[in-house]
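Okay, structure first, notes after.
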Amino acid sequence: MNVSLFFSEAIRQGITGSEHVVFTYNREKKQYFGLLQARPGSDSNLLVITDDGQVYSYVIQYKDSISKLNYFVSNSESIGNEVPNLPIINNVSMDDTLNNKQFGGYEKFSRHLLGINFKSQKTKRKKGIVLKLKQIRHYKGAVYMVMELKNKSHINFELDYLNIYKVSTNKKRKASYQKNQLDVVYKHDYPKTVLKKTLRRFVYVLPKFSLGDYEKLQLELMELNGSRRIVLN
């Protein structure tokens, strides 16, 4: 018999601790379920990592007869994330507060990037607000994103959030669309408000990541106590 495990996100990796326990899942087309099989043997374990980085760990015990064949796994069963979501306090992560050398490196290189006049790579305009992605740089295991926010309207723009997502979409397979938020470990000169008729440049620092063939970055900007929202792909 197969035991089916259904997760809330697509399975990226599944590992068992013994050869007599096998966990199979689709490695070519991302799917949300995997099949668990076992032969008689000692207890083993199963480690599963989903597309959003959540980690699930189970002890596997063989039985001659089982009554439950399907399990729906909730996010609450995760033991953690492979990339810790470090809280941001005053634009500095707690990890950086404890590591002054790393923090200083983020700040120094961010200031260096803001001193360069980059041409915009992508631009999106809406209701007098202009969001620009100026540059993406890889440096010492981190990704630096230089951005510019210009307020051409007649009222101040207060930021609720500016999130970065990795979007996976295959036009041939509509069901494969996924959107995962990326962690930001440091923000340099991030503005809470952009005054009318002004612009602000700032830098986001993210852990190193890469994009697959069917993946792209998405920036989502939302106004605080307002309706202005910009999505830049």
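The values are calculated or read from the model by the stated rules, or taken from the named source; none is laboratory data. Bear in mind that the values here come from a model prediction, so they are computed numbers and not experimental data. Neighbour counts run over all protein chains shown; Cβ positions are idealised from the backbone, glycine included.
Mind checking which strands (runs of 3 or more DSSP E) fall wholly inside the range 108-170 and carry at least 2 residues that are of a type in the set (A, V, I, L, M, F, W, C) and crowded, with 16+ Cβ neighbours inside 10 Å? Show your work before the answer.
Numbers: elements: 122-126, 129-139, 142-151, 157-170.
Where strands (runs of 3 or more DSSP E) fall fully within the range 108-170 and carry at least 2 residues being of a type in the set (A, V, I, L, M, F, W, C) and crowded, with 16+ Cβ neighbours inside 10 Å, they are 129-139, 142-151, 157-170.
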Check: So VAL231 fits all but one of (1) in a strand (DSSP E or B); (2) of a type in the set (Val, Ile, Thr); (3) surrounded by 16 or more Cβ atoms within 10 Å (Cβ to Cβ); what number is the exception?
Finding: (3)
Checklist line | Whichever residue in the range 98-107 is polar (S, T, N, Q) and part of a helix (DSSP H, G or I) and, among such residues, is modelled with the lowest pLDDT | finding: ASN100
Item checked: Within the range 12-67, tally of residues that are surrounded by fewer than 17 Cβ atoms within 10 Å (Cβ to Cβ) and in contact (Cβ under 8 Å) with a residue 60 or more places away in the chain -> 2
Check: Just for the range 173-223: of the residues that are in contact (Cβ under 8 Å) with a residue 24 or more places away in the chain and small (Gly, Ala, Ser), which one is surrounded by the fewest Cβ atoms within 10 Å (Cβ to Cβ)?
Finding: GLY212
